[in-house]
1. Going through Asn170, Asn202 one at a time, which residue ends up being under 18 Å from Glu99 (Cα atoms), open to solvent by 50 Å² or more (accessible area, probe 1.4 Å) and over 28 Å from the mean Cα position of the chain (by Cα)?
2. Of the numbered conditions (1) modelled with pLDDT of 55 or more; (2) open to solvent by less than 40 Å² (accessible area, probe 1.4 Å); (3) among the β-branched types (Val, Ile, Thr), Val77 fails exactly one; give the number of that condition.
3. Just to confirm my filter: which strands (runs of 3 or more DSSP E) fall fully inside the stretch 125-213 and include at least 3 residues that are touching a residue at least 60 places away in the same chain (Cβ under 8 Å) and under 18 Å from Ala112 (Cα atoms)?
4. Taking the stretch 124-150 on its own, how many of its residues are farther than 24 Å from Pro101 by Cβ, surrounded by 14 or more Cβ atoms within 10 Å (Cβ to Cβ) and among the small types (Gly, Ala, Ser)?
5. So in the stretch 96-117, with the set limited to residues that are modelled with pLDDT of 90 or more and open to solvent by 50 Å² or more (accessible area, probe 1.4 Å), which one is farthest from Pro141 (Cα to Cα)?
6. Does Thr160 fit the bill of being over 26 Å from Tyr212 (Cα atoms), surrounded by fewer than 17 Cβ atoms within 10 Å (Cβ to Cβ) and β-branched (Val, Ile, Thr)?
Amino acid sequence: MAFQDNYVSQMNTIKLDDKTKEKMLQNVLSVSTASQKHRFTVQKRFAVIAAACFLIMLIALAAPPFLNHKEQPPRLVQSLILTAYAADGSPIPVKPNVEFPFGRFSTLMSNAPGFPIMIDSKGADSVRLHASSGRLLLWAPPDSKVTFLDSDATIVPGNTVYWSPLEEGNPPKFAVKSTIELKLYHNGSIVGSGKIEINSENGVDYKAKFTYN
């Protein structure tokens, strides 16, 4: 008890001047301000992280449709219908980016003036064609009337056009490859385009592939 009474007595004798009191108060306030700033910084960082996570989630949900949209052809071009025909006359639906047999051609064995392909589209009122080589023509059985077209020709959707590897000249030459470009028009405006790439390794058997531009 004597020690405790002595300690209390000594503490009571301690007197702080105003300058010392002010300095101690400033130290306490500075510690309090630093603590508040630290809390504010932590809260701010948490808010930024939460906003970033939310943005990443939105991008993940919204990105696939936009990415897939680039791989899809325009709406009106999707209505384009191409049909090739086998040697026995059976139709071959043409799919984009898929190679298909275009036929076997020979001036001695062919029963048609070229390889037929029907071009149709519900979203177009005319189709313009351009062949880089060979010839485009129309053929109307049973009278077998052949109408040769220019390398640039316009047809109505639903018509069947023929491509012949036989080119003009003396002597005539056979094209072993050609590109037929298609442009679909509606009311004078282009609504889609594509191309048919034709090739042959032996000059007799031809294959083709259609792609959208």
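The values are calculated or read from the model by the stated rules, or taken from the named source; none is laboratory data. Worth saying up front: this structure is predicted, and the values here are computed from it rather than measured. When we count neighbours, we look across all protein chains shown, and the Cβ atoms used for this are built from the backbone with ideal geometry, even at glycine. For accessibility, only protein heavy atoms count, side chains too; no ligands or nucleic acids. Shrake-Rupley method; radii C 1.70, N 1.55, O 1.52, S 1.80 Å.
1. Working: Asn170 fails: under 18 Å from Glu99 (Cα atoms).
Result of the check over Asn170, Asn202: Asn202.
2. Going through the list (1) modelled with pLDDT of 55 or more; (2) open to solvent by less than 40 Å² (accessible area, probe 1.4 Å); (3) among the β-branched types (Val, Ile, Thr), Val77 breaks only (1).
3. Values: elements: 126-131, 135-140, 145-148, 152-155, 160-164, 177-186, 189-200, 205-212.
Once the strands (runs of 3 or more DSSP E) in the stretch 125-213 are filtered for at least 3 residues that are touching a residue at least 60 places away in the same chain (Cβ under 8 Å) and under 18 Å from Ala112 (Cα atoms), what remains is 205-212.
4. 2
5. Asn97
6. Values: over 26 Å from Tyr212 (Cα atoms): no; surrounded by fewer than 17 Cβ atoms within 10 Å (Cβ to Cβ): yes; β-branched (Val, Ile, Thr): yes.
When the stated conditions are applied, Thr160 does not pass them.
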